[in-house]
1. Exactly one of these conditions fails for residue 12: (1) more than 22 Å from residue 145 (Cα to Cα); (2) out of contact with any Pro (no Cβ under 8 Å at 6 or more places or on another chain); (3) not in a helix (DSSP H, G or I). Give me its number.
2. Since residue 3 meets every condition but one in (1) within 16 Å of residue 138 (Cα to Cα); (2) without any contact (Cβ under 8 Å) to a residue 60 or more places away in the chain; (3) open to solvent by less than 40 Å² (accessible area, probe 1.4 Å); (4) among the polar types (S, T, N, Q), which condition does it not meet?
3. Restricting to the range 85-102, and then to whatever is in contact (Cβ under 8 Å) with a residue 60 or more places away in the chain and touching a Ser or Thr at 6+ places or on another chain (Cβ under 9 Å), can you tell me which residue is most open to solvent (accessible area, probe 1.4 Å)?
4. Which one of these is closer than 18 Å to residue 153 by Cα, loosely packed, with under 12 Cβ neighbours inside 10 Å and not small (Gly, Ala, Ser): 58, 45?
5. Please go through the range 20-40 and give me each residue that is among the aliphatic types (A, V, I, L, M) and within 15 Å of the chain's Cα centre (by Cα), ordered by number.
6. Give me a count of the residues in the range 15-35 that are closer than 21 Å to residue 123 by Cβ, buried (at least 17 other Cβ atoms within 10 Å of the Cβ) and either touching a His at 6+ places or on another chain (Cβ under 7 Å) or among the acidic types (Asp, Glu) (or both).
7. Given the residues 105, 80, which is the only one that is of a type outside the set (Asp, Glu), in contact with a helix residue (DSSP H, G or I) (Cβ under 6 Å, 6 or more places away or on another chain) and either farther than 27 Å from residue 27 by Cβ or open to solvent by 80 Å² or more (accessible area, probe 1.4 Å) (or both)?
8. Can you report the number of residues in the range 124-164 which are β-branched (Val, Ile, Thr) and open to solvent by 10 Å² or more (accessible area, probe 1.4 Å)?
Amino acid sequence: MKQSPEHDAIEKRLGPGKTSRDGFLGQDTRHLAEIINDDDLSVKRLDLTHGAIAERMRFFRDAAEAGLGGTVAVPPHFEVSSDSVRGRIPCPFGHKGGSFAKNTVIVDNTRLNKQVIYTDLTIHLIEEHGFYQGRGAFFRTDPATLAEVLEVPPLPPPEAPFPV
């Protein structure tokens with residue numbers, strides 16, 4: 001897959017450096033366009049959208065923030081917590097005004113005994129850019145794992161067209 005010069009510039013910002021000490025690509029050797037395309041195909045196979053996944057992530061983030069640093073039970077079988085540090089982090093894709101609190105959200109699905117960890121920036125990267133980060137990146141979580149652990153509800157079936 002050929003990558004645009006714009007993606008080349010973004011890919012440089014996603015590497016280790018000013019925005020993030022460790023970067024967002026991990027040890028992934030694929031180009032940015034391929035990473036995004038592969039995750040987009042995964043989301044489509046799940047019959048979900050990036051927006052639906054991000055919405056569920058925000059739901060748990062909001063529940064965790066209400067706990068003021070403690071663990072919060074979210075029925076029927078989730079435990080969530082949130083931690084934040086001072087400062088903000090910009091969107092490495094270059095969104096104007098795209099700056100996000102440095103927080104960490106931890107969601108434990110006690111029924112599955114599985115956990116995911118993400119940030120406000122992670123939610124933005126997924127929703128706006130379809131970017132789940134590169135393999136090996138600290139906050140990388142593949143779409144299927146997010147859908148499973150967060151129990152992202154399926155999209156409603158499309159409406160049938162009117163008969164002609």
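1. (3)
2. Among (1) within 16 Å of residue 138 (Cα to Cα); (2) without any contact (Cβ under 8 Å) to a residue 60 or more places away in the chain; (3) open to solvent by less than 40 Å² (accessible area, probe 1.4 Å); (4) among the polar types (S, T, N, Q), the lone unmet condition for residue 3 is (1).
3. Narrowing the range 85-102 to residues in contact (Cβ under 8 Å) with a residue 60 or more places away in the chain: 89-90, 92-94.
Now drop any that are not touching a Ser or Thr at 6+ places or on another chain (Cβ under 9 Å), which leaves 89-90, 92.
Values: 89: 29, 90: 66, 92: 3 Å².
Among them, the one singled out is 90.
4. Numbers: 58 fails: loosely packed, with under 12 Cβ neighbours inside 10 Å.
After ruling out the rest, the residue left standing is 45.
5. In the first step, residues of the range 20-40 are kept if they are among the aliphatic types (A, V, I, L, M); the result is 25, 32-33, 35-36.
Across the range 20-40, the qualifying residues are 25, 35, 36.
6. Going through the range 15-35 one residue at a time, the tally reaches 2.
7. Values: 105 fails: either farther than 27 Å from residue 27 by Cβ or open to solvent by 80 Å² or more (accessible area, probe 1.4 Å) (or both).
Testing whether each residue is of a type outside the set (Asp, Glu), in contact with a helix residue (DSSP H, G or I) (Cβ under 6 Å, 6 or more places away or on another chain) and either farther than 27 Å from residue 27 by Cβ or open to solvent by 80 Å² or more (accessible area, probe 1.4 Å) (or both) leaves just 80.
8. Residues of the range 124-164 β-branched (Val, Ile, Thr): 126, 141, 145, 149, 152, 164.
Narrowing the set further to residues that are open to solvent by 10 Å² or more (accessible area, probe 1.4 Å) leaves 141, 145, 152, 164.
Total meeting the criteria: 4.
The values are calculated or read from the model by the stated rules, or taken from the named source; none is laboratory data. The model shown is predicted, which means the values in this text are computed figures rather than measured ones. Heads up, the Cβs are rebuilt from the backbone with ideal geometry, glycines too, and the neighbour counts pull from every protein chain shown. These accessible areas exclude ligands, DNA and RNA; they are computed on the full protein's heavy atoms, side chains included. Shrake-Rupley method; radii C 1.70, N 1.55, O 1.52, S 1.80 Å.
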